[in-house]
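A.B. asks: Once you've had a glance at the structure underneath, I'll fire off some questions.
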Amino acid sequence: MKFSDYPDADLITQCIAGQQYAWDELIARYEKLIYSTALRTGLESYEADEIFQNVCLILLKELKNLRQTNSLGAWLVTTTRRECWALWRHDKAKLEELDEQLASDESPENLAQHVEDAQKVTSALKQLGEPCHQLLWRLYFNEENSSYAEIARDLNIPPNSIGPTRSRCLEKLKIILISKNF
């Protein structure tokens, strides 16, 4: 089993035992959640960097005390929001804006579930062979918006086959997700 397939509870146990690879995997798994939570509160990227570091330190200190490891994502969202609030505590206008933002945001559990689902899809996507992996990556995940002609040229497939190939690739991805109980 690859480290990326380990449940949070196993990674936490290994982190407590001093396994660096487990810590690296845990942070990689939740980095986007922590950053996106901080950025959604209106912080600048340099402030989100500071929040990320603070939350990671808090997590490291609290690993032994975590009781519900199956809700680690929600715990991280709550901790990140608290750290954002602490950063803004001295600026009343920003604090009022943050309170409004937090009141309208999704619950920590929902945000964590979105990240977990995205991680599952990314993991399943890595299991696809070529050209499916590259095609789906270019169509749905790549930040560059490539035209069908560019994608077809890069993948060496006819432009009019992208739609049918995409359908077959999505079906393969669905089978992988179902077979892994994702």
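A.B. asks: Please report the equivalent ellipsoid semi-axes of region 128-182, computed as sqrt(5 x eigenvalue) of the Cα gyration tensor, largest first, in whole Å.
C.D. replies: Ellipsoid half-lengths, sorted descending, are 22, 12, 8 Å.
A.B. asks: Compute, for region 128-182, the length of the dipole vector about the Cα centre, with Cβ point charges of +1 (Lys, Arg) and -1 (Asp, Glu) only. Units Debye, rounded to 20.
C.D. replies: Here the size comes out at about 300 debye.
A.B. asks: Just to verify a number: FRET efficiency for TYR148 and ILE175, C-beta to C-beta distance, R0 = 30 Å, to 0.05?
C.D. replies: After rounding, the FRET efficiency stands at 0.75.
A.B. asks: Same structure, new question: Please state, rounded to one decimal and in Å, the Kirkwood hydrodynamic radius that region 1-74 gives when every pair of distinct Cα atoms enters the mean of 1/r.
C.D. replies: 12.9
Coordinate-derived values only; no laboratory data. Note that the structure is a prediction, hence the values are computed from the model and not measured. Quick reminder, even Gly has a Cβ in these numbers, built from the backbone with ideal geometry, and neighbours come from all protein chains shown.
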